[in-house]
1. May I ask for the angle, rounded to the nearest 10°, between helix 255-265 and the longest principal axis of the chain, with both axes built from Cα atoms and the value confined to 0 to 90°?
2. So for segment 186-315, averaging the separation of alpha carbon pairs under 8 Å that are six or more residues apart and normalising by length, what relative contact order in percent results?
3. Between Ala118 and Ala209, what is 0.36 nm times their sequence separation minus the Cα-Cα distance? Round to one decimal in nm.
4. Rounded to whole Hz and in sequence order, give me ³J(HN,Hα) for segment 42-56 from the Karplus expression 6.51 cos²θ - 1.76 cosθ + 1.60, θ = phi - 60°, writing x for Gly and Pro.
5. Apply the a/c threshold of 1.5 to the C-alpha gyration tensor of segment 108-200 and tell me whether it is rounded, prolate or oblate.
6. How do Met70, Met87 rank when sorted from fewest to most other Cβ atoms within 10 Å of their own Cβ?
7. Which chymotrypsin sites (Phe, Trp or Tyr not before Pro) in segment 18-127 pass both tests, a DSSP loop state and at most 16 other beta-carbon atoms within 10 Å?
8. Please identify, among Ala107, Ala213, Ala309, the residue showing maximal mean-square fluctuation in a Gaussian network model of the chain using a 10 angstrom Cα cutoff.
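Just so it is clear, none of the values below were taken in a lab; they were calculated from the coordinates. Predicted model only: the values in this text are computed from it and were never measured. Every residue, glycine among them, receives a Cβ derived from its backbone with ideal geometry; neighbour counts consider all protein chains shown.
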Amino acid sequence: MTELTATTSTAAPVVDRRRIARYLQDYGVYVAVAVLLAFNAVFTDNFLTVGNLRTQLIQVSPVVIVALGMALVIGTEGVDLSVGSVMALAAAVLPLYLGYGVVPAIALALVAGAAVGAVNGALVAVVRLQPIVATLALFVGGRGLALVLAGGQLKQIHNGTLLAIGGDDVLGVPAVVVIAGLLAVAVGFVVGRTTFGRQLVAIGGNRVASQLAGLPVRRVLFGTYIACGVFAALAGVLATARLTASDPSALGNLMELSAITAVVVGGTPLTGGRIRVLGTVVGALLMQLVRATLIKHNLPDSSAQLVQAVIILVAVYVARERKSR
């Protein structure tokens, strides 16, 4: 009887910690967003106005799009550090071909993103480099190529159709927000309802077992990195349209950090095998709210990066507790 009591009392805290970690990973991001909104509603003037909320949604839309691609990659137990450079590359390619029309220019910008994704996918799936090493090369080289294409100069965008994509509404909702929302729905469908999505999650959960089961591991990894590159390029196009200028030297800086943070905070573990699409979207919103709150209260933008770092550490710790217990 004494031994049974001792075992029970020792196991109880373990169960409690595991339950808390599971709750924080699954629902913590939603609670954090709700708390921030409540805080700003009370202490920040005009924060919950339609105009301000509209601005916040427009600003976070490119982050959401990049984070969705990043979630797919992280779901395979990978990572893509080149997404910010891909945004810059797409921004550099775009004005070079606007003379041929908006559709060809956007298509070529997306092709550039797909090409970077293909290189990353080949290095990971075929050469079998670690994802962080494979994507680091284009993290540096991609932005360098973008600066060469742009001649190191900022270029103003005057094409009315492209500017309309960045600034117009669809049924009263900013077009960039609509695009981000539709992509989130599409990614959620792919992950939850398609063979590709199930294979992707299975590969992230156990790559060796997936290979032994006959899953097309290389093809899925290759496709996932291409998708991530295309998403990042699209985010670059939309950001360029919204800013009315192509600035490869600045566009996409630290985007990889924002995207990874959104994915991890949203409940997708860095160890792969699970993808939370809605959590990723809300994670991006959380990062935007943190930044906006600090700025509204006269704190420097750099402080948001410190908060991001803390949030990442907490999210990783929670994920580790959930897995180890």
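1. So the helix axis and the longest Cα principal axis differ by about 30 degrees.
2. Averaging sequence separation for qualifying contacts and normalising by length gives 22 percent for segment 186-315.
3. Between Ala118 and Ala209, full extension yields 30.3 nm more.
4. Those phi angles translate into 8, 10, 10, 5, 6, 6, 8, 6, 4, x, 5, 5, 4, 4, 4 Hz.
5. Oblate shape, in that a/c is at least 1.5 and b/c is the bigger or equal ratio.
6. Fewest to most other Cβ atoms nearby, the residues stand as Met70, Met87.
7. Passing both the DSSP loop test and the Cβ count: Tyr97.
8. Ranking Ala107, Ala213, Ala309 by mean-square fluctuation puts Ala213 first.
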